[in-house]
1. Somewhere in the stretch 151-165, is a residue modelled with pLDDT under 85 and hydrophobic (A, V, I, L, M, F, W, C)?
2. I'd like to know if the stretch 202-219 contains one or more residues that are among the charged types (D, E, K, R) and under 30 Å from F271 (Cα atoms).
3. Looking at Y146, Y71, Y132, can you tell me which residue is surrounded by fewer than 17 Cβ atoms within 10 Å (Cβ to Cβ) and of a type outside the set (K, R)?
4. Identify all residues within the stretch 154-186 that are in a loop (DSSP other than H, G, I, E, B) and touching a strand residue (DSSP E or B) at 6+ places or on another chain (Cβ under 6 Å); write none if there are none.
5. Output the number of residues of the stretch 45-93 satisfying the condition of being under 28 Å from K20 (Cβ atoms), in a loop (DSSP other than H, G, I, E, B) and among the basic types (K, R).
6. Only one residue in K111, K100, K63 is basic (K, R) and without any contact (Cβ under 8 Å) to a residue 40 or more places away in the chain, so which one is that?
7. Among the candidates T266, T251, single out the residue that is out of contact with any helix residue (DSSP H, G or I) (no Cβ under 9 Å at 6 or more places or on another chain), at pLDDT 95 or above and surrounded by 17 or more Cβ atoms within 10 Å (Cβ to Cβ).
8. Could you check, for the stretch 225-238, whether at least one of its residues is in a loop (DSSP other than H, G, I, E, B) and hydroxyl-bearing (S, T, Y)?
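The values are calculated or read from the model by the stated rules, or taken from the named source; none is laboratory data. Small disclaimer: the values here were computed from a predicted structure and weren't measured. Cβ atoms come from the backbone with ideal geometry, glycine included; neighbour counts cover every protein chain shown. These accessible areas exclude ligands, DNA and RNA; they are computed on the full protein's heavy atoms, side chains included. Shrake-Rupley method; radii C 1.70, N 1.55, O 1.52, S 1.80 Å.
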Amino acid sequence: MEWDGATGGLKCRNCGTLVKVQDAEALGYHPYETLPAFQSLQDYPETVIQCPGCGAEIKADGKTVSMGCPYCGANLVFDDKQLSFAKPDGVAPVMISGDKVRQLVKEWCGKHMFAPNLASKYLEVKFISPQYIPFWVFSARVTAKYSGRGGRNRTVRERNAQGQTVSRTAVDWHPIDGTVSAELESSGVPGDRDIDGSFSDFLYSSTPQDSFRAWQPEYFAGSWSCLPTVQAGDAEAAAHDGMIPEIKRRTVTELSRKWSHIDFRTFYVSFSDTAWRLVQIPAYFVIC
């Protein structure tokens with residue numbers, strides 16, 4: 001049986017039997033001290049099992065958590081491997097069927113190619129499969145300490161060389177310094193090094209936060225998924241880098257209530273109370 005996005009349950013591809021899966025709310029953040037120690041893929045042994053569908057001996061590399069049998073297509077989920085690393089705190093289940101994706105791909109190609117009618121006639125989807133991509137997400141109290149100068153506009157009237165009265169804008173500068181602090185949540189940092197940044201940013205930002213459910217291996221049935229290959233420490237650094245522009249934007253917004261111009265001389269950012277969570281987000285891999 002495999003997860004069926006259209007019905008929200010496990011469905012037999014042969015007889016159509018549907019088994020509902022009891023879902024639960026996703027877990028929240030964990031203290032930084034519990035961040036899982038990263039292991040290289042060599043530390044995860046190659047998985048070798050006998051396919052329950054055709055009996056073939058299947059080998060999977062150290063990072064693979066779920067896959068399809070290359071011989072009969074049976075769904076294989078190695079949940080013990082996932083649990084040995086870190087159980088995801090949230091999974092956004094696939095909510096669209098492969099047939100629907102096939103239709104959308106053909107429609108999209110028909111709109112973007114020079115000969116849309118040919119695309120609709122001859123485009124063939126060779127392969128289509130849902131894939132889960134791991135994302136590290138961090139929250140932290142971000143504190144910015146700044147110094148510099150703030151300026152206010154002032155209208156100055158003066159005479160020009162022709163004796164005419166003209167106006168110009170002058171800026172009165174004053175020293176400023178202060179502190180701004182806020183609780184921020186990072187955008188998801190992809191846990192797979194092979195994922196393009198622009199795609200992962202779109203995927204995470206377009207996934208509603210209320211769509212995450214508590215992890216269950218049934219969600220991965222019929223999909224390919226893997227353990228994170230990005231170290232949690234590297235992901236944390238990337239998350240912090242992404243929070244800096246936001247705290248700077250908030251600082252500028254606050255200062256703009258008083259000053260027309262802001263010129264920072266120093267801007268130091270620190271992080272505290274960092275927490276983390278691991279989520280899995282689905283996408284479809286399509287070959288046409």
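1. yes
2. Applying the first criterion (among the charged types (D, E, K, R)) to the stretch 202-219 yields 210, 213, 218.
When the remaining residues are screened for being under 30 Å from F271 (Cα atoms), the result is 210, 213.
For the stretch 202-219, residues among the charged types (D, E, K, R) and under 30 Å from F271 (Cα atoms): present.
3. Details: Y146 fails: surrounded by fewer than 17 Cβ atoms within 10 Å (Cβ to Cβ); Y132 fails: surrounded by fewer than 17 Cβ atoms within 10 Å (Cβ to Cβ).
On inspection, the qualifying residue turns out to be Y71.
4. We begin by selecting, within the stretch 154-186, every residue in a loop (DSSP other than H, G, I, E, B); these are 160-164, 186.
Within the stretch 154-186, N160, S186 qualify.
5. 1
6. Working: K100 fails: without any contact (Cβ under 8 Å) to a residue 40 or more places away in the chain; K63 fails: without any contact (Cβ under 8 Å) to a residue 40 or more places away in the chain.
So the residue among K111, K100, K63 that is basic (K, R) and without any contact (Cβ under 8 Å) to a residue 40 or more places away in the chain is K111.
7. On the way: T266 fails: surrounded by 17 or more Cβ atoms within 10 Å (Cβ to Cβ).
When all the criteria are applied, what remains is T251.
8. Looking only at the stretch 225-238, we keep the residues that are in a loop (DSSP other than H, G, I, E, B), and these are 227-231.
Filter again for hydroxyl-bearing (S, T, Y), leaving 229.
Within the stretch 225-238, one or more residues are in a loop (DSSP other than H, G, I, E, B) and hydroxyl-bearing (S, T, Y).
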